[in-house]
Amino acid sequence: MKEPCPLRFNRILIVRPSALGDVVLALPTLDAIRSSFPQARIGYIVDERPYDLIASHPFVDRVHFFPRKRWAATIFRPWQWWATVCEIFALIREMRSERYDIVLDLQANLKGAFLSILSGARIRVGFAHGYCREGNYRFSHLQVTPPRWPLHLAEKFLAVAEFLGARPDSLRFPFPESPESQKRVEAFLHDCGLTTFAVLHPGSSGARKDKRWVPEYFAEVARRLAVEKGLRCVVCYGPGERELAEKIVAVSGGKALLSLPTENLLDLVELFRRAYIFIGTDSGPMHIAAAVGIPCVALFGSGSPTLYGPYPYPGPYHRLIYKPRRGFSGGMQAITVDEVYEAVVEHLAGLSKNP
């Protein structure tokens, strides 16, 4: 990595609008920048799904909302084109009104490059060739080369903060506080009579359903944990996933419980903070669980756990079951119920020895 950036800057824009898990992994970078430059004005551009994690964040002075999905949906609705164009120009004016000195492109693709350019910031900082996609490096004035590769995504993002001169002593994941979410979650747990419980998240990004495990397998894990270990599972779900969660609850014979309908992501944060362990797939909620400090048993059938596993990975705090697809074999469907159940039980035994 290059030496710290020698430029002076008072207004910083962070570009990492999506995806949910990646925005979670960008929080240590936000924390490092705020800690190292307490007087700076920090802006953040974010899209619909991770919006709740940034909108009320105490480290962010200006949130720029980028409704990517809604705008993309208007492509086949000509009667909405003019309104969308007006909104796009309004976003550009909003960003440029802040007169950012520097923009940090953590998105590292063509979308990130365009947003960085549209921001009007004087200096654009991105990743060097080989650490970004779609020719992103061609659009930045300064490129950051992470210290090594492969590198966990959270540490890759942090390399940008270090390039600016930040010197964090550890990676922290600061989430906004929400008294309303705390009350909703506490009321749910009180009504269910839950004190010690696991959270089970079977969903994944709608575009990556290959990351999902068999619902009946999740149900069997939840049933066995309840019957054999007295540990109930609360099945969480995201947008469009309630039917999947209800199926798991039904197949488990009611041994699993359906989560409260999370009104926003901060409800999920508060639920995870009170959980004993997380069981689920490679997803944004998995990263939230790891970030709030609960151990995870994570299921991977694609992607690299070294880059995208629950942080810190590798390490003793999280367990990974990884069955990479090779040809027609492997992948999520090759993971068995026994493997997941035994991983949870072994992890629970380790937790009881090291409270």
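We did not get these values from a lab; they are worked out from the coordinates using the rules stated. The shown structure was predicted, so the numbers you read here are calculated from the model rather than taken from an experiment. Positions of Cβ are generated from backbone atoms using ideal geometry, with glycine treated the same way; all protein chains shown enter the neighbour counts.
Taking a ≥ b ≥ c as the square roots of the Cα gyration tensor eigenvalues, region 11-164 comes out prolate, since a/c reaches at least 1.5 and a/b is larger than b/c.
With the charge dipole of the chain set up from +1 on Lys and Arg Cβ and -1 on Asp and Glu Cβ about the Cα centre, the Cα lying farthest toward the positive end among the listed residues 299, 147, 29 is that of 147.
Convex hull volume per residue, computed on the Cα atoms of region 62-116, equals 87 Å³.
What's the Cα-based Rg to Rh of region 1-78, Rh via Kirkwood?
1.06
For the residue pairs 69/255; 229/323; 156/255; 156/211; 156/183, alpha carbon separations beyond 32 Å are given by 69/255; 156/255; 156/183. Of 61, 338, 105, which is the most mobile in a GNM of the chain whose springs link Cα atoms less than 10 angstrom apart? Per the Cα network of the chain with a 10 Å cutoff, 338 tops the list.
Beta bridges per DSSP, both residues in the chain: antiparallel share near 5 percent. Take every pair of alpha-carbon atoms less than 8 Å apart whose residues are at least six positions apart; their mean separation over the length of the chain yields a relative contact order of 15 percent. Across 283, 35, 259, mean-square fluctuation computed from a Gaussian network of the chain (C-alpha pairs under 10 Å connected) peaks at 35.
The value of relative contact order for region 11-164, using C-alpha pairs under 8 Å at least six residues apart, is 24 percent. What's the whole-number percent of alpha carbon pairs in the chain lying beyond 35 angstrom? More than 35 Å apart: 27 percent of the Cα pairs in the chain. Given +1 at the Cβ of Lys and Arg, -1 at the Cβ of Asp and Glu and no other charges, the dipole of the chain around its Cα centre is 860 debye to the nearest 20. Of the residues 97, 302, the one with the fewest other Cβ atoms within 10 Å heads the list, and the complete ranking is 97, 302. Please identify, among 271, 106, 189, the residue showing maximal mean-square fluctuation in a Gaussian network model of the chain using a 10 angstrom Cα cutoff. Answer for the Gaussian network model of the chain: 189.
Taking a ≥ b ≥ c as the square roots of the eigenvalues of the alpha-carbon gyration tensor, region 179-353 is classed rounded because a/c is under 1.5.
The sum of -39500 (n - 2.57) across all DSSP H runs of n ≥ 4, divided by the residue count of the chain, sets its helix-only mean residue ellipticity at 222 nm to -12500 deg cm²/dmol.
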